[in-house]
Amino acid sequence: MSQPPSVRQPIPVGKYFLERGRISEQQLELALKHRAEFGLKLGQSLVELGFVTESEMVEALRYQARFPCIHLTSGIIDLHVARKLGEEVSRRLRALGLNQFAGHTTIALQDPSDDEALEELAHILATRIFPVYAEPSVIAKNIELVFGGGKTTKSAKPAARAAAPSAPKAAEPARTAPVEKAAGDGEAVPDERAVVERVRTLLQDAFTQGVDVIHLEARRDGMSVRFRHDGALREHSRLPSAWARQAIACLRALAKLDAAEDERAREGSIPFTFRNEPLELRVVLTPSLHGESVVLHVLRGQGPRRQLRDLGLDGSQQAQLEEALSARGGLVLVSGPAGSGCTNTLHAMLAHLVAPDRKLVALEERIAFEHEGVLQVARERGAGGLASAARTLLRQDPDVLLLGEIDGRETAQVAVEAARSGTIVLSKLRASGAFEALTSLRHLGLEPYLLADALRCVVAQRLVRRVCHECKAPIVPDELLRARLGSPKDGAAFFEGEGCAACNGTGHRGRLALFEVLSVTPGLRHELEKGAEREALAQAARASGFTTLREQGLRQARQGLTTLHEVLAATARP
């Protein structure tokens, strides 16, 4: 069931059911009288009178997006947290503690808007409260399971096993014990503090190693934890099934994702600070065959913004790009797959153009770098469309406009119109190379003569891993590999890393960029106007000294900066 957009304005619960024909005006009047007589909320009165069901009330609250609504089962209850709240409070407030992580306690309540109850819960638990809604009858049922119908809590079974009548009763763990034993299956169920420590250690390992993405992948026998660093994915550790479930629950709660929405992919974010550096984890949860899998994208605070000279362009390429940027208007594109450094290149070009006599405007989904002297606007995904926002910003009379990405035909048309009107337009396009970018623009419906008139330059790029300086050693390349790359057998030296402590045994440390810069020369413009195919475009570019990604990669390999295998992987299509 989809969660409503956050921009939806909540409506009174009575109006919600009236508009859907679920209750009549007469029933609403009766419910209002019942509410006044017994001091209840209107939703509680509607349920008590039998006019709507508890599940319909859950749907109404989820529609209003006022509180997360969960499907409460015994398997998501942390017994230690539930018992810490206590039986008397749980029954009186009709509340049940679910889990506790990073100073927040998740509590299931039949009325999450009850401020007095939330204040009392925060005082008892000495933590912040994250309230969620669950059906009152389900809360009551699970309170009985946790506290045993008023019997002593010392003999109560763990909530996750309470349904098994033959399972032996498990004593509550001591406060210092790291794990407790689940009754019946012999699998260790981790204590909350042990889970917190395990998650904290995992994140610290990732942050210390400079990891870009953390993958937690559900498997039949547990969970695989893998790190992506410098573009390569490697195994870090494995978690048993019981640990995995609780770790996912902790991350879900921190990202404020609805536990009931477990049948579709969801996204959230978690702010962190590590060694005084602000970080953000972009969380993506996806249901899979063996349970939920999670990907955590590590977004670090803004580092130093790069200049054109810092990107790794050779002298000729940088000169061509600077010439394109010096024109009065025109479209300059950066192309490459996700994670290839296109955003860094775009912002280096923007920084190069900052001047007191220019008006610069930047429109992005997420502001990657701050610039002094640039009007920067963040556009939320799906919030009206990039093309519409770009047209609005063009009324700001910019000399330079950075569009985060050309994401469709309308955006491409806006970019070309602005470029032909005298605005320097910088943007990104997902394409495998410079010529492929031209083909993509044609497929978006741009007329050849308009494209030829507007376009000034296309920069295509890839990232390859550097050879570790501490352990690199000369190698004799495989003849088949050399032939596939088109590298002549001229006695040139090549290098690979043998693996050492500095590079975690990978032989690689850091990354560098490969570029191809396609300037629109008069000869190339003539071919574009004619609508020429790739071969004719490439021939015209070659006549002006165009260098491909593969050719630049081979130069870097000859200098011992990267390996032939990296060049082949990054330039599968020369």
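Worth pointing out:
- Any hit, segment 191-212, residues being in a strand (DSSP E or B), within 21 Å of the chain's Cα centre (by Cα) and among the β-branched types (Val, Ile, Thr): no
- Residue match in segment 555-565 (condition: touching a residue at least 12 places away in the same chain (Cβ under 8 Å), farther than 27 Å from Leu480 by Cα and of a type in the set (A, V, I, L, M)): no
- Inside segment 113-133, residues that are touching a residue at least 24 places away in the same chain (Cβ under 8 Å) and out of contact with any helix residue (DSSP H, G or I) (no Cβ under 8 Å at 6 or more places or on another chain) make up a count of 3.
- Residues located in segment 557-573, provided they are part of a helix (DSSP H, G or I), surrounded by fewer than 21 Cβ atoms within 10 Å (Cβ to Cβ) and over 32 Å from the mean Cα position of the chain (by Cα): Arg558
- Ser427 meets the conditions (1) touching a residue at least 24 places away in the same chain (Cβ under 8 Å); (2) among the hydroxyl-bearing types (Ser, Thr, Tyr); (3) surrounded by fewer than 22 Cβ atoms within 10 Å (Cβ to Cβ) in every case but one. The failed one is (3).
- Qualifying residues in segment 491-514 (those that are assigned to a strand (DSSP E or B) and touching a Gly at 6+ places or on another chain (Cβ under 7 Å)) - the one surrounded by the most Cβ atoms within 10 Å (Cβ to Cβ): Leu514
- Checking segment 406-414 against the condition returns a match, with at least one residue being farther than 20 Å from Ala351 by Cα and over 27 Å from the mean Cα position of the chain (by Cα).
- Arg91 surrounded by fewer than 17 Cβ atoms within 10 Å (Cβ to Cβ), in contact with a His (Cβ under 8 Å, 6 or more places away or on another chain) and modelled with pLDDT of 80 or more: no
- Checking Val225, Val298, Val294 one by one, the residue that is touching a residue at least 60 places away in the same chain (Cβ under 8 Å), outside any helix (DSSP H, G or I) and more than 24 Å from Gly341 (Cβ to Cβ) is Val294 and no other.
- Applying the condition of being small (Gly, Ala, Ser) and assigned to a helix (DSSP H, G or I) to segment 536-556 and asking which residue is surrounded by the fewest Cβ atoms within 10 Å (Cβ to Cβ) yields Ala536.
- Each residue in segment 232-245 was checked for being farther than 23 Å from Pro271 by Cα and either acidic (Asp, Glu) or not in a helix (DSSP H, G or I) (or both), and 8 pass.
- Positions within segment 94-104 being modelled with pLDDT of 85 or more and surrounded by 20 or more Cβ atoms within 10 Å (Cβ to Cβ), in sequence order: Ala95, Leu96, Gly97, Leu98
- The C-beta contact set for segment 72-90 (first residue without any contact (Cβ under 8 Å) to a residue 40 or more places away in the chain and among the hydrophobic types (A, V, I, L, M, F, W, C), second residue part of a helix (DSSP H, G or I) and buried (at least 17 other Cβ atoms within 10 Å of the Cβ), distance under 9 angstrom, 6+ apart or interchain) comprises Val89/Leu121.
- Single condition His526 does not satisfy, out of (1) loosely packed, with under 14 Cβ neighbours inside 10 Å; (2) touching a Ser or Thr at 6+ places or on another chain (Cβ under 6 Å): (2)
- Filter result (more than 19 Å from Asp230 (Cβ to Cβ) and either touching a helix residue (DSSP H, G or I) at 6+ places or on another chain (Cβ under 9 Å) or polar (S, T, N, Q) (or both)) within segment 553-574: Leu554, Arg573, Pro574
- Checked against the criterion of being loosely packed, with under 13 Cβ neighbours inside 10 Å and part of a strand (DSSP E or B), the candidates Pro278, Pro287, Pro356 yield just one match: Pro278.
- Considering only residues in segment 216-233 that are out of contact with any strand residue (DSSP E or B) (no Cβ under 6 Å at 6 or more places or on another chain) and not small (Gly, Ala, Ser), the one that is farthest from Ala194 (Cα to Cα) turns out to be His229.
- Any hit, segment 324-343, residues being in a helix (DSSP H, G or I), of a type in the set (D, E, K, R) and assigned by TED's automatic domain parsing to the domain that holds Phe435: no
- Hey, Val361 closer than 28 Å to Thr521 by Cα and either surrounded by 15 or more Cβ atoms within 10 Å (Cβ to Cβ) or touching a residue at least 24 places away in the same chain (Cβ under 8 Å) (or both) or not: yes
- Identity of the residue in segment 47-71, crowded, with 17+ Cβ neighbours inside 10 Å and modelled with pLDDT of 80 or more, that ends up farthest from Phe147 (Cα to Cα): Phe51
- Within segment 200-222, the residues that satisfy the criterion of being surrounded by 15 or more Cβ atoms within 10 Å (Cβ to Cβ) and in contact (Cβ under 8 Å) with a residue 60 or more places away in the chain are Leu203, Ala206, Phe207, Val211, Asp212, Val213, Ile214, His215, Leu216, Glu217, Ala218, Arg219.
- Search result, residues across segment 363-377 that are within 22 Å of the chain's Cα centre (by Cα) and assigned to a strand (DSSP E or B): Leu363, Glu364, Gln376, Val377
The values are calculated or read from the model by the stated rules, or taken from the named source; none is laboratory data. A quick note: this is a predicted structure, and the numbers were derived from the prediction, not measured. Neighbour counts are summed over all protein chains in view; Cβ atoms, including those assigned to glycine, are modelled from backbone coordinates with ideal geometry.
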